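Novice: Take a look at this one; I'll ask things after.
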Amino acid sequence: MRIVGIAAIGTALLAVAAGCSGPAGHAEPARVLRRGGTVYLLAESNGFAHLDPQRTFTTAALNVSRLIYRTLTAFRTNPNGVGVTVHPDLATDLGRASDGNRTWRFTLRTGARWADGKPVTCAQLRYGVERSFAPAAAGGPSYPRQLLADTAGYHGPPPGDASAPGLSSVRCDGRTVTFHLRRPCGDFGDVVAMPVFAPVRPDLDARGDYDARPASDGPYRIARRTDSELVLTRNRYWRAASDPIRPAYPDRFVVRFGADPGWSTDALVTDRGNARASIQLDYNVPANFVQQVINDPEQSARTVSGPTGAIRYLAINTRRVTDLRCRRAIGHVLDKQAYRMAVGGFVAGDYAATMLPRDIAPTVRHPTVAAPAGDLSAAVSLIGRTGRCPDQLTLDYQDVSSFRWAAQTIVDSLQRIGVQVHANAIPKSRFYDVVGDPRAEHDLVLAAWVPDWPNGSSYLPTLFDGRLLEGNATGGNYNLSQLDDPAVNDMIDAAQAATSRRRQDAGWAAVDAAVRDRGAVVPILYERGLAMYGGDVGGAVMQPVYGEPDVLGLGLRRA
């Protein structure tokens, strides 16, 4: 391994942090890519906990699932690699709103077909949305429960029965589906890009293993799924003419689970064998490789970097850590500088003072982090005026290499105020299933959130609306602070009802400030990604909605 000088490291890191990484940030034109071949997606996680569209809610699974099934609308990374744009997908447009944004209509385009040749219908879409209310769909996003009208007491249709009486707020008329919402939602056209609103085949759902092998109406179907890999091959009934989102260059995608970041990066550096057709999916270039990769022109040209849209944060369980001053003290003493060094230095992201990155709420003022290494005196002052923090706390975190070091910085930080922290490692593939059960979650959770669409409405309601706790009491909870504050809930309602983007941003900024004032969360880092790929791979751009390379545009270069 070649070692480079400190001055060169600083210059290169600044270039990456500024998004100036040359060709890595731009997708090649289609003429550079060929049809056919196999692209390998390297995943550090040990599999996807769920691929059922109503249960899928982790970034890598959301990213890959877009190859398998389609949604009414979909996000596609812009050709210049900066930002995303929502496009019609199964729908012919981005939706038609009426009744003050309380009623939305979408018309399904013709030509979309499942992998057995049967057409995609409105009744299947309605069934998919309604089955998200069933207990078996626990773990998926709660947007239908949050937004649709007249859902009280509804628990989904019987498995496989699309004829059962369903929700009055989801109606089909030929190829047109109409949604009636309980409150105005100006960005509902973005919301339905989530697969929780995707169609499902009732006849296949009746067999009882839909999560293991969901039906495909996208360009690829599941050919094989094991603990070590997911193999996708072409859906021979898919037609490009009916799909404006997916170019579908490769014949096959193979997701290889359990990739070791060090070994895989070393293989990509040497760029031989299958590594030439591989790309890192759900993890970054490890910190000990960053200097080498970004300072070597050939290797740097085979990276994709940029803001991921993700916020890395520490959730404080307010039901277990009940002392407000203690929670605020934890926020003051946390060493964000040590955390960032543990995950790769400032190439890994920018210090976070709020839960909303600047580009998500661009019309409001964002505070800066005054003491990145923590403010011990402020923390001691707080806990000196009231009861002490607990002597011991437990921190839940994902058991992957970079977060082991990151978790240790939290352990070290809280030791400075006399709190001993037990770091509880949870396998990445099961992490949100475990901490998403409010009964199983411990005192602290090192978590991340990637927006489902670029607006504050895709961050704060799911993370802090206390009214969602009851419905997710046994699983599927993402309010890891377990905060249920009526004032915060009212502020969320006000922000969601705002009609202009400026008023929305101001509302979300107020929610963000209130949540931090209650000591429910400590923002740590606005994350950036740096992924590497082999010399035969083209079309790689960072997908900020999923915080990793966008799989849709990937292909193999022409010889």
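Taken together, the values in this text are just the output of simple stated rules run on the coordinates, not laboratory data. None of the values given here were measured: they were computed from a predicted structure. Positions of Cβ are backbone-derived with ideal geometry, glycine not excepted, and every protein chain shown enters the neighbour counts.
Novice: Please get the size of the charge dipole for the range 400-484, origin at its Cα centre, with Cβ charges of +1 on Lys and Arg and -1 on Asp and Glu, quoted in debye to the nearest 20.
Specialist: Using Cβ point charges on Lys, Arg, Asp and Glu, the range 400-484 gives about 300 debye.
Novice: How much length would be gained if the chain were fully extended between Thr499 and His155, taking 0.36 nm per residue of separation minus their Cα-Cα distance, in nm to one decimal? Show your work: numbers first, answer last.
Specialist: Working: separation 344, 0.36 × 344 = 123.84 nm, distance 3.14 nm.
That pair, Thr499 and His155, stretches by 120.7 nm at full extension.
Novice: Still on this structure, I have one more. Under a crude label model (7 Å from the Cα following the beta-carbon direction), how far is Ala425 from Ala241 in nanometres?
Specialist: In this crude label model, Ala425 to Ala241 measures out at 5.4 nm.
Novice: Using Cβ contacts closer than 10 Å as the measure, can you line up Ser132, Ser168, Ser429, Ser401 from fewest to most?
Specialist: Ser168, Ser401, Ser429, Ser132
Novice: Can you pull the one-decimal nm distance between simple spin-label points at Thr474 and Asn78, each 7 Å off the Cα toward Cβ?
Specialist: Here the answer is 4.6 nm between the modelled labels.
Novice: Let me ask another. So how much slack lies between Asp227 and Ser401, counting 0.36 nm per residue of separation and subtracting their Cα-Cα distance, in nm?
Specialist: On the way: separation 174, 0.36 × 174 = 62.64 nm, distance 1.97 nm.
Fully extending the segment from Asp227 to Ser401 adds 60.7 nm.
Novice: What is the mean projected area of the alpha carbon convex hull for the range 308-528, to one decimal in square nanometres?
Specialist: 11.2 nm²
Novice: Given the options Val129, Val445, Ile524, identify the residue whose Cα lies farthest towards the positive end of the charge dipole of the chain (+1 on Cβ of Lys, Arg; -1 on Cβ of Asp, Glu).
Specialist: With unit charges placed on the Cβ atoms, the residue in question is Val129.
Novice: Just want the answer: with Cβ charges of +1 for Lys and Arg and -1 for Asp and Glu, which residue in Ala559, His332, Val269 is farthest toward the dipole's positive end in the chain?
Specialist: Checked the options; the winner is Ala559.
Novice: In debye, nearest 20, what is the charge dipole magnitude of the range 484-559 about its Cα centre with +1 on Lys and Arg Cβ and -1 on Asp and Glu Cβ, if you could check?
Specialist: 440 debye
Novice: Taking amide hydrogens as modeled 1.01 Å from N in the peptide plane, which residues meet the under 5 Å criterion relative to Leu530, leaving out close sequence neighbours?
Specialist: Amide H to amide H, under 5 Å and 5 or more residues apart or across chains, Leu530 pairs with Val285.
Novice: If you compute mean projected area of the Cα convex hull in nm² for the structure shown, which of [x] 28.7; [y] 25.9; [z] 24.0 do you land on?
Specialist: Comparing each candidate, only [z] matches the computed number.
Novice: Using the beta-carbon distance between Ala440 and Ser377 and R0 = 45 Å, what value does 1/(1 + (r/R0)^6) give for FRET efficiency, to the nearest 0.05?
Specialist: My answer for the efficiency is 0.80.
Novice: How much of the DSSP bridge set in the chain is antiparallel, in percent, rounded to the nearest 5?
Specialist: So the antiparallel bridges amount to about 75 percent of the total.
Novice: Next question. About the Cα centre of the chain, how large is the charge dipole given +1 on each Lys and Arg Cβ and -1 on each Asp and Glu Cβ? Please answer in debye to the nearest 20.
Specialist: 1120 debye
Novice: List, in order, the whole-Hz ³J(HN,Hα) value for each residue of the range 156-167 obtained from phi through the Karplus relation with A = 6.51, B = -1.76, C = 1.60 and θ = phi - 60°; use x for Gly and Pro.
Specialist: Using θ = phi - 60°, the values come out as x, x, x, x, x, 10, 7, 8, 5, x, x, 6 Hz.
Novice: Okay, next question. Which one, Phe179, Val290, Tyr546, is farthest towards the positive end of the dipole of the chain when Lys and Arg carry +1 and Asp and Glu -1 on their Cβ?
Specialist: Farthest along the dipole direction, towards plus: Phe179.
Novice: Anything in the chain that counts as a DSSP H helix reaching 15 Å or more along its axis (C-alpha) with Kyte-Doolittle mean of at least 1.0? List them, would you? Walk me through the intermediate numbers first.
Specialist: On the way: long enough: 6-17 (16 Å, 2.39); 401-415 (22 Å, -0.01); 486-497 (17 Å, 0.18); 501-517 (24 Å, -0.94).
Membrane-span-like by this criterion, though nothing is claimed about a membrane: 6-17.
Novice: Under 18 Å from a point 7 Å along the Cα-to-Cβ line of Val32: which residues of the range 257-289 have their amide N that close?
Specialist: 276-280
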